[in-house]
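Written below as structure tokens is the structure these notes are about.
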Amino acid sequence: MKTGNEAMMTTPIYDFLKKFQNKEMVRLFMPGHKGNHPFDPVFARISQYDLTEIQGADALFEAVGIIGESEANASRIFHSKATLYSTQGSTLGIQTMLSLLASRGDTVIAGRNAHMAFCNACTLLRMNIRWILPEASDPYGVRGTVTPEQVEQALKACPNAAGVYLTSPDYLGNTIGLKRIAAICHRYGVPFCCDHAHGAYLIKSPEPVHPMLAGADMCCDSAHKTLPVLTGGAYLHLGENCPWEKEEAKEHMAVFSSTSPSYPILASLDLCNRYLEERGEAEFRMLFCRVGALKQKWRDKGIHLLDNPADFSKLTLDAAACGWDGEELAEHLRKSGIECEYANSCYVVLMASPFLSQTEWELLEQAIMNLPLRPAKRWEAPAFVLPEQVMPAYEAVKQQWERIPLERAVGRVSAQTIAACPPGVPVAVAGERIHEQIKNIYKNSGNFTVKVIK
């Protein structure tokens with residue numbers, strides 16, 4: 001908590017945009033709306049802050065001015081050696097991490113519950129993936145935890161790996177043993193990278209749990225998922241012992257990025273620094289207490305939830321245990337005025353934040369308290385089975401292909417990386433042989449044709 005004698009967290013990007021939009025300046029630069037959107041008054045106000053890299057606005061990949069100052073503010077908050085901004089979500093951070101790893105080798109060890117952005121980046125960079133299948137994986141391959149023991153076993157089997165890449169929290173809120181895994185990776189001399197897209201807020205949790213505090217070398221945070229940041233705003237953090245410096249990471253990031261970053265998104269990251277510094281700790285502590293009390297009230301009624309003690313802002317309903325199909329339950333909530341983050345036949349994911357109003361909290365509480373409970377559904381829950389890899393993804397995507405009905409796909413080699421979005425976890429990666437379970441998962445996500453190699 002700041003004292004009255006300490007300086008307020010600066011917001012250099014926001015301050016520049018606010019100052020510029022108050023100037024009498026003819027905008028003979030991009031974008032074409034010139035700060036005056038022609039149709040919608042809301043967009044007209046937003047467009048006044050929508051600039052390009054003009055004089056004084058700094059440049060995202062040569063950040064020595066206002067962007068550099070703001071990134072330094074974020075770095076202090078997240079205890080990183082350096083923090084880089086992205087206006088293209090964690091996808092850009094993932095691409096950058098893998099591009100840096102590719103300078104060390106062509107194989108990366110990864111948890112299978114990785115986002116498809118990871119698979120796509122590996123395909124672009126011609127990297128091979130040695131998969132770790134999370135323990136207790138559900139039939140969709142979404143839920144599960146990679147253990148430190150699995151990481152060590154993989155490193156023993158693949159000592160020349162360029163790095164280890166794991167996801168925590170996963171889409172349902174499960175987390176991994178970050179400190180133990182980081183220590184194992186460093187003992188083997190291998191960088192540890194974490195897709196922490198769903199956990200940016202955890203730097204201000206009552207017991208801070210964040211890869212930068214656990215010894216990770218690099219991690220990405222999708223700030224927009226859990227913090228007051230516009231969609232697309234994200235961080236790439238470099239840990240204290242990261243073998244790469246900020247300048248090199250910027251160079252790799254620029255390869256994948258647009259040269260026209262969104263300044264409204266950058267300004268929202270900038271303002272988020274002030275929020276985290278001045279209000280984050282207190283408000284996320286209040287959220288922790290409020291969510292905990294709400295979960296307990298629901299459990300007392302007989303509502304089943306997954307236990308996510310670290311990623312506490314996720315309220316993941318075990319729909320089947322409540323006697324519901326998850327998608328049916330999501331539609332029931334929708335009729336009560338509540339839109340969930342994600343639903344499949346088993347689970348419904350609700351994401352809370354400090355910015356829900358009292359009315360919205362009450363609506364959520366009552367919608368679940370009024371939920372009719374039914375006899376628990378029994379469903380077969382075989383763990384996801386890793387398919388056979390026939391060829392690397394970067395080779396598979398270059399092969400001649402045909403699109404066929406899903407019912408005829410078993411035994412064929414996928415010509416595409418198949419993922420149901422959300423959560424974006426790959427069901428089959430290009431170059432893998434499709435088996436019966438993959439066919440069923442893909443079919444249940446509403447897809448009935450697939451591209452396969454001829």
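No lab work stands behind these numbers, since they all come straight from the coordinates. This structure is a prediction, so every number in the text was calculated from the model and none was measured. Cβ coordinates were reconstructed from backbone atoms using ideal geometry, including for glycine residues, and neighbour counts include every protein chain displayed.
Here's how it looks for THR11: its modeled amide H is under 5 Å from none belonging to a residue 5 or more places away or on a different chain.
Model label sites at ASP300 and VAL255, defined 7 Å from Cα along the beta-carbon direction, differ in position by 5.6 nm. Using θ = phi - 60° in the Karplus curve 6.51 cos²θ - 1.76 cosθ + 1.60, the 3J(HN,Hα) couplings for segment 403-410 round to 9, 10, x, 4, 5, 9, 8, 4 Hz; x is entered for Gly and Pro.
Under 18 Å Cα-Cα from LYS250, which lysines qualify once same-chain neighbours fewer than 8 residues away are excluded? Straight-line reach from LYS250, under 18 Å: LYS81. Positive end of the dipole of the chain (Cβ unit charges, origin at the Cα centre): among LEU356, LEU294, ALA63, the Cα lying farthest that way belongs to LEU294.
Simple spin-label estimate for LEU125 and LYS398 gives 1.9 nm between the two label positions (7 Å along the Cα-to-Cβ direction from each Cα).
Each DSSP beta bridge with both residues in the chain is either parallel or antiparallel, and the antiparallel ones are about 65%. Among the listed values (i) 3, 11, 15, 17, 14, 12, 9, 7, 4, 3, 2, 1, 1, 0, 0, 0; (ii) 4, 20, 28, 23, 15, 8, 2, 0; (iii) 4, 19, 27, 27, 18, 5, 0, 0, the one matching P(r) over Cα pairs in 10 Å bins from 0, in percent as calculated from this structure is (iii). Electrostatic tally near ASP270: other residues with Cβ closer than 10 Å to its Cβ, Lys and Arg +1, Asp and Glu -1, net -2.
Filter the DSSP H helices in the chain by two things, a Kyte-Doolittle mean of at least -1.0 and an axial alpha-carbon span of 20 angstrom or more, and list the hits by number. Don't skip to the end; give the middle numbers.
Details: long enough: 281-301 (30 Å, -0.72).
Length and hydropathy pass: 281-301.
Estimate the FRET efficiency between ALA157 and LYS454 by the formula 1/(1 + (r/R0)^6), using the beta-carbon distance for r and 45 Å for R0, to the nearest 0.05. Display every interim value, and only then the final one.
Working: r = 33 Å, r/R0 = 0.74.
Here the calculated transfer efficiency is 0.85.
Please report the net charge: other residues with Cβ closer than 11 Å to the Cβ of ILE338, K and R +1, D and E -1.
Numbers: positive: ARG334, LYS335; negative: GLU331, GLU339, GLU341, GLU360, GLU365.
Result for the neighbourhood of ILE338: -3.
Return the subset of LYS179/LYS204; LYS225/LYS335; LYS225/LYS377; LYS377/LYS454; LYS179/LYS297; LYS156/LYS179 for which the Cα-Cα distance in this structure is over 29 Å, preserving the input order. Beyond 29 Å: LYS225/LYS377; LYS377/LYS454; LYS179/LYS297. Under a 5 Å amide H cut-off, with hydrogens placed 1.01 Å from N, VAL146 pairs with GLU135 among residues at least 5 apart or on other chains.
222 nm [θ] for the chain, helices only, -39500 (n - 2.57) per DSSP H run of 4+, per residue, to 500?
Details: 16 runs with 161 residues, N = 454.
Rounded to the nearest 500, it is -10500 deg cm²/dmol.
Under 21 Å of direct C-alpha separation, and excluding same-chain neighbours fewer than eight residues apart, LYS18 reaches these lysines: LYS34. Neighbours of GLU251, meaning other residues whose beta-carbon lies under 12 angstrom from its beta-carbon, give a summed charge of -2 when Lys and Arg score +1 and Asp and Glu score -1. A simple rule links phi to the HN-Hα coupling: the Karplus curve 6.51 cos²θ - 1.76 cosθ + 1.60 with θ = phi - 60°, which for segment 207-215 gives 10, x, 10, 8, x, 6, 8, 9, x Hz, with x for Gly and Pro. Annotation: extensible slack from LEU356 through LYS377 equals 4.4 nm (criterion: 0.36 nm per residue apart, minus Cα-Cα distance). Comparing Cα centroids, segment 209-258 and segment 152-192 end up 17 angstrom apart. Determine the distance separating the Cα centre of segment 402-454 from the Cα centre of segment 277-321; give it in Å without decimals. Their Cα centres are 35 Å away from one another. Counted residue by residue at 0.36 nm each, then reduced by the alpha carbon distance between them, the extension gain from HIS79 to ASP307 reaches 79.3 nm.
Here the gap between LYS179 and ASP106, fully extended at 0.36 nm per residue and compared with their Cα-Cα distance, gives a gain of 23.7 nm. Among 390-401, 293-304, 81-92, sorting by the average number of other beta carbon atoms lying within 10 angstrom of each residue, highest first, gives 81-92, 390-401, 293-304.
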